[in-house]
Amino acid sequence: MLRALFINFALLIAMTYLFSLTLRSWPLRRDRTFQVQTITAASLVSVILLLQPAAIAPGVLIDLRPVPLVYLALVYGAPAALVGSIPVLTYRYFLGGPGITPAFTSIALILLVTAILRRLVQPRLDHISWSRGIFLGLVSLAPNGLPLVMLPNGMQLLQQVYPPLLILNVAAFLIVALVLRDRIKLIKLNAMFQRQARQDALSGLFNRRQFDLDLLALRTGDLLLMVDIDHFKRINDTYGHAVGDQVITAVGELLRSNLRASDSAYRYGGEEFVLLVHQPQIGTPELIAERIRAHIEQTPLSVPSLNGLQGDPATFTLHLTASLGGARHMAGTDPQHTLALADQALYQAKQGGRNRWVLHPEPQLGLPG
């Protein structure tokens with residue numbers, strides 16, 4: 001008996017590890033397709049475990065088949081677990097024997113208890129601990145095997161198999177939980193590193209590296225808008241780099257708040273930013289540029305006082321302005337050329353007195369209206 005249960009244990013851990021490799025991005029997918037795939041995988045694992053059962057009496061089989069179903073009930077709820085249990089229960093019915101009724105009853109009790117437990121504790125696999133895993137496993141899997149008392153010699157069988165069956169089920173549940181938890185932690189950490197690699201820490205916007213990649217994907221009609229904070233060097237020299245950092249952060253927030261979800265903002269370097277606005281209608285680029293310029297001008301920045309002497313105000317107000325230059329991306333044009341045109345327009349805006357915008361007057365033929 002123990003040999004068969006240990007084979008079940010090894011199979012379950014191996015298949016859990018293989019399943020964990022399908023979890024590759026954070027946040028985890030929540031779509032219906034992934035849910036169906038997960039239910040199918042758990043159901044298949046249960047059937048495979050039933051292929052290697054421990055026969056404790058003629059027609060009476062025990063194994064670790066409930067463990068994947070418990071995870072379905074914890075993650076997706078009892079209805080998903082019921083659907084996932086259909087193949088393994090069908091196969092168990094096909095095998096026949098007096099153990100059919102106890103097997104069906106065990107699954108029903110386990111899913112009922114797990115559904116109640118899910119409602120009470122709302123477990124999260126990415127935060128599970130050893131103690132919490134043992135608790136969840138004990139409560140969910142405690143009913144497994146109890147219906148053996150329905151058999152003529154059921155009490156004797158129960159006394160013989162229940163302790164090792166419960167221990168191995170809970171141990172398997174715990175190891176599965178830890179494998180999935182560590183995999184989720186790994187992909188969360190990887191997602192954080194990827195985000196840091198493409199995000200500017202100060203402004204919270206995408207960084208220059210990400211901009212260089214996205215620039216290559218410019219489409220005809222996209223607007224590339226460069227933004228330069230006016231007299232930023234004077235701000236740094238007068239108030240210090242700490243205030244300069246606050247200015248960068250504040251402007252980054254302002255730029256992000258003026259874009260759609262489909263658009264992107266980047267810190268290009270120093271006090272320069274770039275916006276990629278996808279497919280704006282004719283006439284809209286001027287509205288976008290003016291809205292951003294006016295928003296920066298009309299949003300005062302409160303910063304800490306320089307000396308903090310008694311009687312001095314704790315903060316003072318800093319009024320910012322910015323110059324903007326933009327260009328539409330034309331069909332057949334090198335993205336670097338579009339960037340150069342936007343940079344030329346920005347130079348004209350700064351030469352024209354700052355706190356203004358200039359859009360490159362390239363013909364707008366073929367652009368979406």
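The values are calculated or read from the model by the stated rules, or taken from the named source; none is laboratory data. What you are looking at is a predicted structure, and each value in this text was computed from that prediction instead of being measured. Every residue, glycine among them, receives a Cβ derived from its backbone with ideal geometry; neighbour counts consider all protein chains shown. For accessibility, only protein heavy atoms count, side chains too; no ligands or nucleic acids. Shrake-Rupley method; radii C 1.70, N 1.55, O 1.52, S 1.80 Å.
Scanning segment 286-320 for residues that are open to solvent by less than 40 Å² (accessible area, probe 1.4 Å) and either modelled with pLDDT of 90 or more or in a strand (DSSP E or B) (or both) turns up 288, 289, 292, 293, 294, 296, 301, 303, 318, 320. Checking the stated criteria, residue 69 turns out not to satisfy the condition of being surrounded by 21 or more Cβ atoms within 10 Å (Cβ to Cβ), at pLDDT below 95 and in a helix (DSSP H, G or I).
Is it the case, given these coordinates, that residue 42 is of a type in the set (Gly, Ala, Ser), part of a helix (DSSP H, G or I) and without any contact (Cβ under 8 Å) to a residue 24 or more places away in the chain? It is false that residue 42 is of a type in the set (Gly, Ala, Ser), part of a helix (DSSP H, G or I) and without any contact (Cβ under 8 Å) to a residue 24 or more places away in the chain. Quick check on segment 183-197: of everything there that is at pLDDT 90 or above and open to solvent by 40 Å² or more (accessible area, probe 1.4 Å), which residue is nearest to residue 16 (Cα to Cα)? Among residues in segment 183-197 that are at pLDDT 90 or above and open to solvent by 40 Å² or more (accessible area, probe 1.4 Å), the one nearest to residue 16 (Cα to Cα) is 183.
So, in segment 243-281, exactly how many residues are part of a helix (DSSP H, G or I), out of contact with any strand residue (DSSP E or B) (no Cβ under 8 Å at 6 or more places or on another chain) and small (Gly, Ala, Ser)?
So in segment 243-281, the residues part of a helix (DSSP H, G or I) come out as 243-257.
Imposing the further condition that a residue be out of contact with any strand residue (DSSP E or B) (no Cβ under 8 Å at 6 or more places or on another chain) reduces the set to 244-245, 249, 253-254, 257.
Still in the list and also small (Gly, Ala, Ser): 244, 257.
Count: 2.
Looking across segment 157-190, the residues that are out of contact with any helix residue (DSSP H, G or I) (no Cβ under 9 Å at 6 or more places or on another chain) and not aliphatic (A, V, I, L, M) come down to 159, 160, 163, 190.
Does segment 209-228 include one or more residues that are closer than 22 Å to residue 330 by Cβ and among the basic types (Lys, Arg)? There is at least one residue in segment 209-228 that is closer than 22 Å to residue 330 by Cβ and among the basic types (Lys, Arg). Within segment 333-348, identify whether any single residue is at pLDDT 95 or above, touching a strand residue (DSSP E or B) at 6+ places or on another chain (Cβ under 9 Å) and charged (D, E, K, R), and answer yes or no. Yes, segment 333-348 has at least one match.
Residue 75 - would you say it is closer than 23 Å to residue 14 by Cβ and within 25 Å of the chain's Cα centre (by Cα)? Taking the combined requirement at face value, the residue satisfies it. Within segment 198-224, the residues that satisfy the criterion of being in a loop (DSSP other than H, G, I, E, B), open to solvent by less than 50 Å² (accessible area, probe 1.4 Å) and farther than 26 Å from residue 28 by Cα are 203, 218, 221, 222. Within the set 120, 148, 112, the sole residue that is within 32 Å of the chain's Cα centre (by Cα), part of a helix (DSSP H, G or I) and in contact (Cβ under 8 Å) with a residue 24 or more places away in the chain turns out to be 112.
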